[in-house]
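The values are calculated or read from the model by the stated rules, or taken from the named source; none is laboratory data. Just so it is clear, the structure is predicted and the values come from calculations on it, not from any experiment. All Cβ positions, even for glycine, are placed from backbone atoms using ideal geometry, and neighbour counts span all protein chains on display.
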Amino acid sequence: MRRVLKVSLWVIVLLAALSIVLLTATVYTYERLTAETLIAELRFDATGDRQYIAHLRTGDRCDERDFPVFGDQWRVDAEFLKWKYWALLLGLDSQYRLDRLEGRYRSAAEQNSQPNVAHALGERTAVDLVSVAETLGSWNFLLDATYGSSTYQDIDTGNVYYVYRTTTGIITRDEPRPVQPVGGAPLLVTIDGACDDPSMWQRFTEWTDDNAVAALELVE
């Protein structure tokens, strides 16, 4: 009997540790909200009539991703998390995560009839904090509020667009796009911060979460 209890205790401890790791990996997909911050940079190249390739840089803007978009405008959505007061005291600042990029038509009729495609920017995680909070209801001890914020602007291939996170949502500013160097020289891209590697703990939690997501997909 004592051996059974000892094994059961170890199982509970391991499950609790795994839950903490998966929760940590989910939090790493969000960015901390500390001040007004540049969170994304967008440039566009035309590929047809109201068809473009969007060049998106996020975070430290060290890596670039390309997405096809359709329409007259572009739109970026973000998801915000606000923690409970006690969690803020422990250092869990409110956070955001870029959620979606898509094209947008000025006319609602065209939005419903013309080609369009949306691209998910957020990562799937084994633990969905929002769903967990909704399931817990009044027993929720982590999240105080979750909400979305969006920004959109006309597409101009001659501009570069900057998306900023503010204390209330996201906003957009733009400036003329740098001129492409003559003779095939590479286009210089300004990077505000160093492209640091993630910590060992972050790599471990993300590796665990990736494997958990893969296992869930096999079950589904």
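Results, tabulated for the structure shown:
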read-out	value
Which listed residue, of Leu18, Leu33, Leu23, Leu42, is at pLDDT 80 or above, aliphatic (A, V, I, L, M) and either surrounded by 13 or more Cβ atoms within 10 Å (Cβ to Cβ) or within 20 Å of the chain's Cα centre (by Cα) (or both)	Leu42
Search result, residues across segment 84-101 that are part of a helix (DSSP H, G or I) and modelled with pLDDT under 65	Ala87, Leu88, Leu89
Members of segment 112-133 found to be closer than 26 Å to Arg165 by Cβ and either modelled with pLDDT of 95 or more or touching a strand residue (DSSP E or B) at 6+ places or on another chain (Cβ under 9 Å) (or both), listed by number	Asn116, Val117, Ala118, His119, Ala120, Leu121, Gly122, Glu123, Leu129, Val130, Val132, Ala133
Leu81 at pLDDT below 85 and assigned to a strand (DSSP E or B)	yes
